[in-house]
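K.L.:
One structure follows; several queries about it will come next.
The values are calculated or read from the model by the stated rules, or taken from the named source; none is laboratory data. If you're wondering where the values come from, they're calculated on a predicted model, not measured in any experiment. In this analysis, Cβ positions are derived from the backbone assuming ideal geometry, glycine residues included, and neighbour counts consider all displayed protein chains. Ligands, DNA and RNA are excluded from the accessible area calculation, which covers all protein heavy atoms including side chains. Shrake-Rupley method; radii C 1.70, N 1.55, O 1.52, S 1.80 Å.
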Amino acid sequence: MIRAYAAKEPGGKLEPFEYDPGILGAEAVEIRVEYCGLCHSDLSMLDNEWGMTTYPFVPGHEVVGTIAAKGDKVPEFSIGQRVGLGWYSGSCTVCEWCLSGDQNLCATVESTVVGRYGGFAERVRAHRDWVIPLADGLDPAKAGPLFCAGNTVFNPLVQFNISPTSRVGVIGIGGLGHLALRFLNAWGCEVTAFSTNPDKEAEARALGATRFINSKDPAALQSVANYFDLILSTVSANLDWGSYISTLRPKGRLNIVGVAPDPISSHVFPLIAGQRSISGSPSGSPATIAKMVEFAARHGIEPITETYPIEQVNEAMEKMRSGQPKYRLVLKMN
């Protein structure tokens, strides 16, 4: 039996819960969880905002732990090896996307917390492809959020061939945004932080921004018209998308990784005239996660975290719900 924390209903309190995981598959890995990040997606799933949560619901998809068991067809890992696991935990392995290295785009890709039990538990399982060794030099107590938040903002740099000379804007200085600023600064880009809170300027610059724009100031937005190669929106909010599109250079891209609640609308002419685009991107493939982990270790990039013992999981959830974290919450398992 695996001991975990689960909610029985939408928005419900997380309570001790046990389940039988069954026989370990030949290509599966069982991770003994040491730390697990708390992501806003866990809160969205808890509340069934996306209409795909099953209960009892065990959150947790930013796992760091050690290999406790492995299937017969998993020669690459050793028992006790420290690894990480993010939003995805399995894919079909045989479709065109899996075979081309884009397993995150597989039509049947499996989420760690959708239709299965996640990492707010003593152990969690995943297919071997999605279990990534933790690089030396990364603190296990802080590294969990890299496997979702970090991977989500790192993936566009790889997908869209962002160069060190690119001008990149980041909307939002939160759980995703603070890591985006750090990655982009280490990547060599000119980095601009957009925030509705002008008091965050010093903070944004300390995280790696070379420019700060108060997004409530129309003159400030106008000052960067026709300027950016990429703007990365990390916020889960409705925005004046046209204002940001106007700041893109020809062939510039507005890429969205935060889940805005309403449909996105835009005038078409600015897109056509400048060959600009609006896109979205998910968490990255196993190869991208491994690259992100190596890059983070090489450049000393870690999320800024607050740690709670697993017994205080509901207190941590309420802190996430109130929007207070700075910047990521991590649960420490027993």
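K.L.:
For region 287-325, name all the residues that are within 14 Å of PHE154 (Cα to Cα) and assigned to a helix (DSSP H, G or I).
P.N.:
Answer for region 287-325, where residues must be within 14 Å of PHE154 (Cα to Cα) and assigned to a helix (DSSP H, G or I): ALA287, THR288, ILE289, ALA290, LYS291, MET292, VAL293, GLU294, PHE295, ALA296, ALA297, HIS299.
Condition check ((1) modelled with pLDDT under 95; (2) among the hydroxyl-bearing types (Ser, Thr, Tyr); (3) touching a Leu at 6+ places or on another chain (Cβ under 6 Å); (4) in a helix (DSSP H, G or I)) across all residues:
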| residue | (1), (2), (3), (4) |
| --- | --- |
| VAL114 | no, no, no, no |
| ASP129 | no, no, no, yes |
| ASN151 | no, no, no, yes |
| SER163 | no, yes, no, no |
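K.L.:
Kindly provide the set of residues from region 247-273 that are of a type in the set (Ser, Thr, Tyr) and modelled with pLDDT under 95, ordered by number.
P.N.:
Residues satisfying the conditions are SER265, SER266.
K.L.:
What number of residues within region 163-205 satisfy the criterion of being of a type in the set (S, T, N, Q) and either open to solvent by 30 Å² or more (accessible area, probe 1.4 Å) or in contact with a His (Cβ under 9 Å, 6 or more places away or on another chain) (or both)?
P.N.:
The total comes to 5.
K.L.:
Among the residues of region 134-156, is any under 21 Å from ASN226 (Cα atoms) and open to solvent by less than 40 Å² (accessible area, probe 1.4 Å)?
P.N.:
Looking for residues that are under 21 Å from ASN226 (Cα atoms) and open to solvent by less than 40 Å² (accessible area, probe 1.4 Å), one finds at least one in region 134-156, hence yes.
K.L.:
Could I ask something else about it? Name the single residue that is farthest from ARG123 (Cα to Cα) among those in region 1-55 being without any contact (Cβ under 8 Å) to a residue 40 or more places away in the chain and assigned to a strand (DSSP E or B).
P.N.:
Checking each candidate, the answer is GLU15.
K.L.:
Take ALA220 and decide whether it is touching a strand residue (DSSP E or B) at 6+ places or on another chain (Cβ under 8 Å), surrounded by fewer than 20 Cβ atoms within 10 Å (Cβ to Cβ) and more than 28 Å from LEU43 (Cβ to Cβ).
P.N.:
Judged against the criteria, ALA220 is a match.
K.L.:
For region 95-125, enumerate the residues that are among the hydrophobic types (A, V, I, L, M, F, W, C) and surrounded by fewer than 24 Cβ atoms within 10 Å (Cβ to Cβ).
P.N.:
Selection gives CYS95, TRP97, CYS98, LEU99, LEU105, CYS106, ALA107, VAL109, VAL114.
K.L.:
(1) buried (at least 19 other Cβ atoms within 10 Å of the Cβ); (2) not in a strand (DSSP E or B): which one isn't true of PRO261, the others all being true?
P.N.:
Result: PRO261 passes all but (1).
K.L.:
Looking only at region 184-220, which residues are among the basic types (Lys, Arg), within 29 Å of VAL158 (Cβ to Cβ) and either touching a Ser or Thr at 6+ places or on another chain (Cβ under 8 Å) or not in a helix (DSSP H, G or I) (or both)?
P.N.:
Of everything in region 184-220, just one residue is among the basic types (Lys, Arg), within 29 Å of VAL158 (Cβ to Cβ) and either touching a Ser or Thr at 6+ places or on another chain (Cβ under 8 Å) or not in a helix (DSSP H, G or I) (or both), namely ARG211.
K.L.:
Starting from region 229-248, take each residue that is open to solvent by 20 Å² or more (accessible area, probe 1.4 Å) and list its partners that are outside any loop (DSSP other than H, G, I, E, B) and among the hydroxyl-bearing types (Ser, Thr, Tyr), counting only C-beta distances under 9 angstrom and pairs at least six apart or across chains.
P.N.:
Hits for this filter: SER236/SER44; LEU239/SER233.
K.L.:
While we're here: Any chance you could count how many residues in region 56-76 are surrounded by fewer than 17 Cβ atoms within 10 Å (Cβ to Cβ) and either aromatic (Phe, Trp, Tyr) or without any contact (Cβ under 8 Å) to a residue 24 or more places away in the chain (or both)?
P.N.:
Qualifying residue count, region 56-76: 1.
K.L.:
Go through the residues of region 318-328 one by one and say whether even a single one is touching a Gly at 6+ places or on another chain (Cβ under 7 Å) and surrounded by 20 or more Cβ atoms within 10 Å (Cβ to Cβ).
P.N.:
Checked against the condition, which is being touching a Gly at 6+ places or on another chain (Cβ under 7 Å) and surrounded by 20 or more Cβ atoms within 10 Å (Cβ to Cβ), region 318-328 yields at least one hit.
K.L.:
In addition: Which one of these does ALA69 not meet: (1) over 30 Å from PRO261 (Cβ atoms); (2) assigned to a loop (DSSP other than H, G, I, E, B); (3) of a type outside the set (Ser, Thr, Tyr)?
P.N.:
All conditions pass for ALA69, except number (2).
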